[in-house]
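Below is one structure, written out as structure tokens; comments come after it.
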Amino acid sequence: MSLMSASECTTTAAATATPAAPSTPTVSAPGAATVAHDSPWRTPLELTLLGAIWGGSFLFMRVAAADFGPFPLVEARLGLGALVLLPLLWAARAQFTPALWLRIAGIAAINSVIPFALFAWAAERAPAGIGAITNAMTVMFTALVAFLFFGERIGPRRLIGLVGGFVGVAILASGKTAGESVWPAALAGTAASLCYGFGLNFVRRYLTGYPSGAVAAANLVSGTVMLAPLAIYNWPHHPIAAASWASALLLGVLCTGVAFVFYYRLIARVGAPRTSTVTYLIPLFGVIWAWLILGEPLTLTMALAGALILAGVALSQSRARR
């Protein structure tokens with residue numbers, strides 16, 4: 001998304017950023033999607049792989065958050081992701097004026113730093129599936145912000161989708177895991193998705209015409225610099241387990257850096273609306289990885305909430321797919 005987070009997402013930037021050319025995709029207005037010739041198996045395979053990678057980000061946060069704490073973990077994620085994407089930024093460096101850097105820094109705070117920190121905070125307190133499910137709300141919040149602040153029509157189908165999604169979050173927040181309420185984590189994940197909703201609209205309107213990969217890299221670099229003082233101040237004094245270091249590395253390099261390269265290539269080849277269907281896969285893989293690797297159960301409230309939220313996403317995306 002987005003920059004999006006594995007998380008981020010940050011997943012539905014495809015709904016708000018489309019390519020100018022397959023070799024150097026740029027952030028542009030919606031509706032300008034380019035659909036290239038594609039093997040029938042290639043795009044579904046790549047979308048599934050991307051959904052699996054971004055779904056895994058919630059697993060890695062769950063493993064590493066307790067050892068690192070939210071701010072140091074997000075700093076590692078931003079910094080490592082930036083290193084992967086730096087070649088894209090270097091290639092387009094002439095376009096990045098001081099004024100553009102200031103604009104990107106402001107958007108990075110809303111679209112990366114704050115939501116990444118909220119998801120990491122939630123991962124300390126609840127199963128990985130909670131964050132993955134609430135992340136799906138990004139699509140609906142993007143439509144809601146565009147309606148409330150930018151005068152875009154929302155339509156009855158999207159409105160029904162929004163209501164269904166919010167009901168799903170309420171159900172998710174009412175659940176418990178091991179006797180503990182998960183509502184603080186569910187609210188944090190929802191707030192993070194709301195940040196993405198604002199951030200994606202800002203990217204769409206204020207970063208139009210610049211290479212998307214370079215914008216994502218600049219976003220990560222800006223976020224790394226902004227968060228550095230807090231991360232250093234809160235850096236843990238205890239030894240960090242090897243599993244947490246490995247999770248932080250995978251979160252930054254694979255789920256942030258590599259995934260964004262992958263993501264923008266998909267946008268360039270098949271267009272934004274088709275790429276945005278990865279939104280449906282992230283909660284599914286988030287829950288599957290947590291169940292397979294961490295033994296976290298899928299509760300009835302999680303299943304019902306996930307179904308309602310994904311149904312809402314489907315309705316909110318319906319116009320884009322027509």
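Here are the numbers for the structure shown:
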{"item": "Identity of the residue in the range 194-245, in a helix (DSSP H, G or I) and of a type in the set (S, T, N, Q), that ends up modelled with the lowest pLDDT", "result": "Ser212"}
{"item": "Near pairs, Cβ below 8 angstrom, 6+ apart or cross-chain, from the range 87-108 (in a loop (DSSP other than H, G, I, E, B)) to any residue that is open to solvent by 100 Å² or more (accessible area, probe 1.4 Å)", "result": "none"}
{"item": "For Gly164: the one exception among (1) open to solvent by 30 Å² or more (accessible area, probe 1.4 Å); (2) under 19 Å from Gly306 (Cβ atoms)", "result": "(1)"}
{"item": "Inter-residue pairs, beta-carbon under 6 Å, first over 21 Å from His237 (Cβ atoms) and in the range 72-84, second part of a helix (DSSP H, G or I) and basic (Lys, Arg), 6+ apart", "result": "none"}
{"item": "Checklist (1) among the aliphatic types (A, V, I, L, M); (2) modelled with pLDDT of 90 or more; (3) open to solvent by 40 Å² or more (accessible area, probe 1.4 Å) applied to Leu315, failing item", "result": "(2)"}
{"item": "The range 169-185, residues that are under 15 Å from Leu298 (Cα atoms), at pLDDT 85 or above and either open to solvent by less than 10 Å² (accessible area, probe 1.4 Å) or in contact with a Phe, Trp or Tyr (Cβ under 7 Å, 6 or more places away or on another chain) (or both)", "result": "Leu172, Val182"}
{"item": "Selection from the range 148-189 of residues that are of a type in the set (Val, Ile, Thr) and under 17 Å from Val287 (Cβ atoms)", "result": "Val169, Ile171, Thr177, Val182"}
{"item": "In the range 249-281, the residues that are in contact with a Lys or Arg (Cβ under 7 Å, 6 or more places away or on another chain) and open to solvent by less than 10 Å² (accessible area, probe 1.4 Å)", "result": "Leu251, Gly252, Thr256"}
{"item": "The range 282-299 - residue that is over 12 Å from the mean Cα position of the chain (by Cα) and surrounded by 20 or more Cβ atoms within 10 Å (Cβ to Cβ) and, of those, farthest from Phe58 (Cα to Cα)", "result": "Glu296"}
{"item": "Sole residue being farther than 15 Å from Leu59 by Cα, open to solvent by 10 Å² or more (accessible area, probe 1.4 Å) and under 21 Å from the mean Cα position of the chain (by Cα), chosen from Arg153, Arg125, Arg158", "result": "Arg158"}
{"item": "Scope the range 194-247; condition hydroxyl-bearing (Ser, Thr, Tyr) and either open to solvent by 60 Å² or more (accessible area, probe 1.4 Å) or in contact with a strand residue (DSSP E or B) (Cβ under 9 Å, 6 or more places away or on another chain) (or both); matching residues", "result": "Tyr196, Tyr206, Thr208, Tyr210, Ser212, Tyr233"}
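Residue-by-condition table, conditions (1) farther than 19 Å from Ala217 by Cα; (2) open to solvent by 20 Å² or more (accessible area, probe 1.4 Å):
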{"position": "Phe58", "(1), (2)": "yes, no"}
{"position": "Met61", "(1), (2)": "yes, no"}
{"position": "Pro70", "(1), (2)": "yes, yes"}
{"position": "Ala82", "(1), (2)": "no, no"}
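The values are calculated or read from the model by the stated rules, or taken from the named source; none is laboratory data. The model shown is predicted, which means the values in this text are computed figures rather than measured ones. Cβ atoms come from the backbone with ideal geometry, glycine included; neighbour counts cover every protein chain shown. Surface areas here come from the heavy atoms of the whole protein model, side chains and all, with no ligands, DNA or RNA. Shrake-Rupley method; radii C 1.70, N 1.55, O 1.52, S 1.80 Å.
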